[in-house]
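In what follows, a single structure is set out as structure tokens and then discussed.
The values are calculated or read from the model by the stated rules, or taken from the named source; none is laboratory data. Worth saying up front: this structure is predicted, and the values here are computed from it rather than measured. Don't worry about glycine lacking a Cβ; one is built from the backbone with ideal geometry, like all the others, and counts go over all protein chains shown.
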Amino acid sequence: MSVTHGAGAFPSPPGGFAPAPAQSTKRNTELGLLLVAIGITTVSMMLVEASLEQALTFDLAKYGLTYAGLFLVAHLAVRRYAKYADPLLLPIVALLNGLGLVLIHRLDLADQENARYMGLSMPSPDANQQILWTAFGIALFIAVLVFLHDYRLLARFSYTLGLIGLIALAIPALLPSQFSEVNGAKIWIRLPGFSIQPGEFAKILLIIFFASVLVAKRDLFTTAGKHFLGMDFPRARDLGPILAAWIISIGVMVFEKDLGTSLLLFTTVLVMLYIATERVGWLIIGFSLLAVGFVFAYQMFGHVRVRVQTWADPLADYSNTGYQISQSLFGLATGGVAGTGLGSGRPAQVPFAKTDFIIAAIGEELGLIGLAAILLLFLILVIRGLRTALAVRDSFGKLLAAGLSFTLAVQLFVVVGGVTKLIPLTGLTTPFVSYGGSSLLANYLLLALLMKISHAAREPVQPRKKPVTPIAEAQTEMMGRE
């Protein structure tokens, strides 16, 4: 009797099975897409400089190098602290942020040209502030990746976060108008040398709160009530969350004159309720409450009636309330399909083109093709967020990822709908693109939470470590006869 090795004379690995190949983190894919985003942003900045300045100035190096450095640092943080996260999220945001920076710089140059023509002092460039706020936003993004080891810890503090969110929403309404009101909306906290829009952060805190409550009380919300027209409706005593969201939304609309945040909060909570319960009855009740709230606000508050009347016929009061939306429509018509080209249009004719109406600037200079490309980037961002919600294993993560993704979709719909006269104007800004510190910081916080959830969803399940017996480590051998 002798001992010989079996087929191929190669021993099997311990346990008798070959180890599974390591799952790819896709970080190199993310880096490649980031470089593409940096390249597109740099070329766009060069086109703006060449068109308006007839030369490449120091601004190109200042903005381009700072922008590239910030996102490469963000990429390194993702490699270290969320290496299994979706590889498309950060590059898409980088491209949106970069194109927004290009458009803000382009509008800065237009403002400077107008100041020279009018003999006024040169305004300070807002692109400087935008790149600074981008740096703060990425710093916040990295801080969340580093210190939030498990996003599920947020559920433990959901009531505290919800209370902070409500207080943040209420503060502007309680402050005197000189400290909170801008363009008719009381949504700011304005102090000497400092201003912040707390509603941008409140929406994220309230999404965390409602996701936790819906998970904890899911059995309550899914209890069948009356069955009508083939649908199950919730019981009257289970309507607490949607009534709370409705009351908060009406309060924001009435006391802060902020239609956008009101609509954003209510529809996001409504969709989260539907996702948690899979009951169409919640949607019917929610949209009914939305219609009742709209009719009530239209009948009771003059600023709501003005918004609706301006939407219905902006040319009726062209020189006053209708001027902004009219100029937006003129710019979109001028851009047509292909656009006038970066630096070749007149987007500065639209008031607040850097904030509320930056979509009009995109439509004029990049045309329908460029605007559709921007919207497609947002669509991919939202879809990847919803894919994360489907893939993550815990219910809190599913609702949180879905809520964060859907609030981006609703905000974009409200902004584009207002600029194109599909719906009345609301005053919301385009995420990652528009000028503004509060918006950028809040959206980078949102992105960091999505990245953490995505990392948890894609991370390989680690097998439990068990003590290995010596016989289990022995290599398999074949016995043969001489």
Members of segment 367-382 found to be in contact (Cβ under 8 Å) with a residue 12 or more places away in the chain and either more than 16 Å from VAL102 (Cβ to Cβ) or in contact with a Phe, Trp or Tyr (Cβ under 8 Å, 6 or more places away or on another chain) (or both), listed by number: LEU368, ILE369, LEU375, PHE378, ILE380, LEU381, VAL382
May I ask you to say which residue of LEU35, LEU107 is part of a helix (DSSP H, G or I) and surrounded by fewer than 18 Cβ atoms within 10 Å (Cβ to Cβ)? LEU35
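Evaluate the following for ALA155: is it of a type outside the set (D, E, K, R), part of a helix (DSSP H, G or I) and under 21 Å from LEU446 (Cα atoms)?
Values: of a type outside the set (D, E, K, R): yes; part of a helix (DSSP H, G or I): yes; under 21 Å from LEU446 (Cα atoms): yes.
It is true that ALA155 is of a type outside the set (D, E, K, R), part of a helix (DSSP H, G or I) and under 21 Å from LEU446 (Cα atoms).
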Counting only residues in segment 289-326 that are under 27 Å from the mean Cα position of the chain (by Cα) and not hydrophobic (A, V, I, L, M, F, W, C), the one surrounded by the fewest Cβ atoms within 10 Å (Cβ to Cβ) is identified as GLY293
Looking at LEU379, LEU329, LEU404, which one is out of contact with any helix residue (DSSP H, G or I) (no Cβ under 8 Å at 6 or more places or on another chain) and assigned to a helix (DSSP H, G or I)? LEU379
For residues that are assigned to a helix (DSSP H, G or I) and either more than 21 Å from THR310 (Cα to Cα) or hydroxyl-bearing (Ser, Thr, Tyr) (or both), scanning just segment 407-422, find the one that is farthest from the chain's Cα centre (by Cα). VAL410
So which of LEU386, LEU381 ends up being within 29 Å of ALA457 (Cβ to Cβ), surrounded by fewer than 20 Cβ atoms within 10 Å (Cβ to Cβ) and under 18 Å from the mean Cα position of the chain (by Cα)? LEU386
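Condition check ((1) of a type in the set (Asp, Glu); (2) modelled with pLDDT of 95 or more; (3) not in a helix (DSSP H, G or I)) across all residues:
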| site | (1), (2), (3) |
| --- | --- |
| LEU56 | no, no, yes |
| LYS62 | no, no, no |
| HIS75 | no, yes, no |
| LEU90 | no, yes, no |
| ASN97 | no, yes, no |
| LEU103 | no, yes, no |
| ASP111 | yes, no, no |
Under the condition of being free of Cβ contacts under 8 Å to residues at least 60 places away in the same chain and touching a Ser or Thr at 6+ places or on another chain (Cβ under 6 Å), which residue from segment 316-355 is farthest from SER51 (Cα to Cα)? THR321
TYR274: passes all of (1) surrounded by fewer than 20 Cβ atoms within 10 Å (Cβ to Cβ); (2) in contact with a strand residue (DSSP E or B) (Cβ under 7 Å, 6 or more places away or on another chain) but (2)
Given the structure, is ALA338 over 30 Å from LEU243 (Cα atoms), assigned to a helix (DSSP H, G or I) and either touching a Cys at 6+ places or on another chain (Cβ under 7 Å) or at pLDDT 90 or above (or both)? no
Of GLY69, GLY8, GLY15, which residue is in a helix (DSSP H, G or I), small (Gly, Ala, Ser), surrounded by fewer than 18 Cβ atoms within 10 Å (Cβ to Cβ) and at pLDDT 95 or above? GLY69
